Amino acid sequence: MFTAQPRMRISLPTIISFILSVLILSWGALVVVGYIDLQFIPEEYEFLNIPSLAIVFGGVLSSVFISTPFRDVLKSMRNSIRLFSQTEITEETLQEDIDRVLDWQRMISTDKLRSTVKLSNEYEGTFEGFLFSILDTNYPTETLREIGESNINESFARKNRINSIISYMGRIAPVFGMLGTLFGLIVILTGFEDAEYLLTGLAAALMTTFYGIILGSFIFQPVSRKLDNSASLEHFRKKLILEGIILIEEGHTALQIYDRLTAHVQSTETEILSNH
């Protein structure tokens, strides 16, 4: 008995992006070793050593594009610009979520059918709307919890997959910095008696290491940690909302719901919010 194997599709954007990345890497390496002259960079910017940056950046991109789906790489790049952004989830917003749950409890305790339909439409396209649409179907609380947690975990895993790409870029950036350093050492060894070659090779060796450390330790790794914290906060917030809606469905009073959710926040805020 034969089982069908998943068919691998050739991704043209991935191929093109990988080739361009390799060309950037190759161009930087050829300039460093002296096979290509660098003419278009103004003299006042030569200290930046653009070929060294090309080696590191081209190497990181080529490695990522060959190992990761093109769409996920684009998402990770888009998320990388969030280094200096501020999360929308704070202690205040979590308290606002608790207040919203209490408002929902008052509405649903008055008229469950109309309230769940209204809330489902009001929060359409959000996690809350998803839960209210399930609540409207009169599933038991065990099923509501199971479906809600499945949605939360799937969303969390998807974000972690994107964040892992950025973390991977942070780990390999210093590796390609060392690769550029090897090219610089080749220049030094092949032109040891020529002071110009010696300085060129030394500059390339140092600058590629510098760019590898900067990109890895000061950009990609901090972005990855920031996005991991953001994903953890979003995961916790959704669990809080799910717990609140389940408590409403179980018929708990507003005071009981407030105490349960507040205790839940206080028991985890030190662990999660302090890491942000």
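Here, each number is a calculation from the coordinates, and none is a lab measurement. Computed from a prediction, not measured in an experiment: that's the story for all the values here. Cβ placement follows ideal geometry from the backbone for every residue including glycine, while neighbour counts extend to all protein chains displayed.
Go ahead and run the numbers for FRET between Arg158 and Asp99, Cβ-Cβ distance against an R0 of 25 Å, rounding to 0.05.
According to the calculation, E is roughly 0.30.
Taking 0.36 nm per residue of sequence separation and subtracting the Cα-Cα distance, how much length would be gained by fully extending the chain between Ile219 and Asp111, in nm to one decimal?
Details: separation 108, 0.36 × 108 = 38.88 nm, distance 5.16 nm.
That works out to 33.7 nm of additional length.
How many nm separate the modelled label positions at Arg171 and Arg78, each set 7 Å beyond the Cα in the direction of the Cβ?
It is 2.5 nm.
Assuming R0 = 41 Å, what is the FRET efficiency of Thr190 and Ile66, from their Cβ-Cβ distance, to the nearest 0.05?
On the way: r = 30 Å, r/R0 = 0.74.
In this case the efficiency is close to 0.85.
Looking at the calculated P(r) for the range 99-198, what percent of the C-alpha pair distances fall above 15 Å?
Counting pairs separated by more than 15 Å, the tail of P(r) holds 75 percent.
Run the quick spin-label model on Ser11 and Glu146: label points 7 Å from Cα toward the beta carbon, then report their separation in nm to one decimal.
3.4
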